[in-house]
Amino acid sequence: MRTAAIFPEPGCCLLVFLVSCFFHPTRSEITSLDSGNIDDILNNADVALVNFYADWCRFSQMLHPIFEEASNVIKEDFPDQNQVVFARVDCDQHCK
């Protein structure tokens, strides 16, 4: 009779360790848009990428980390705040 191992394999632990040591996620700069700031932000941006999302939506959940990563990559090449703006609109809150 074999007993199940409760500890992961050593290779798995090493992989988790290496990923945690070398992966330092940066804070993305995604602006939340609402009726009070949408005109000002979009009128002053050279390029605006807007994510219309809902927390319950599976596709929105899948897009969120991709949108954040794109924001981080683009901010490195275009550091000026108004050159490229990444923004998001919560469709459940702003559904007029």
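The values are calculated or read from the model by the stated rules, or taken from the named source; none is laboratory data. What you see is a predicted model; the values in this text were computed from it and never measured. No Cβ is skipped: glycine too gets one built from the backbone with ideal geometry, and neighbour counts run over all protein chains shown.
Here are the numbers for the structure shown:
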quantity: Identity of the residue in region 51-65, outside any helix (DSSP H, G or I) and of a type outside the set (A, V, I, L, M, F, W, C), that ends up nearest to the chain's Cα centre (by Cα); calculated: N51
quantity: Scan of region 66-91 for residues that are out of contact with any strand residue (DSSP E or B) (no Cβ under 9 Å at 6 or more places or on another chain) and in a loop (DSSP other than H, G, I, E, B), ordered by number; calculated: P79, D80, Q81, N82
quantity: Any pair with Cβ under 9 angstrom, 6 or more apart, that starts in region 70-96 at a residue that is touching a residue at least 60 places away in the same chain (Cβ under 8 Å) and within 27 Å of F59 (Cβ to Cβ) and ends at one that is surrounded by 10 or more Cβ atoms within 10 Å (Cβ to Cβ) and among the aliphatic types (A, V, I, L, M); calculated: H94/L33; H94/I38
quantity: Neighbours by Cβ (under 6 Å, 6+ apart or cross-chain): first from region 32-59, under 13 Å from Q93 (Cβ atoms); second surrounded by fewer than 10 Cβ atoms within 10 Å (Cβ to Cβ) and of a type in the set (A, V, I, L, M); calculated: none
quantity: Region 46-88, residues that are hydrophobic (A, V, I, L, M, F, W, C) and over 14 Å from E29 (Cα atoms); calculated: V47, F52, A54, W56, C57, F59, M62, L63
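Results for (1) in contact with a helix residue (DSSP H, G or I) (Cβ under 9 Å, 6 or more places away or on another chain); (2) surrounded by 10 or more Cβ atoms within 10 Å (Cβ to Cβ); (3) in a loop (DSSP other than H, G, I, E, B); (4) at pLDDT 50 or above, shown as yes or no for each residue.
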residue: F7; (1), (2), (3), (4): yes, no, yes, no
residue: S28; (1), (2), (3), (4): yes, yes, yes, yes
residue: S35; (1), (2), (3), (4): no, no, yes, yes
residue: L49; (1), (2), (3), (4): yes, yes, no, yes
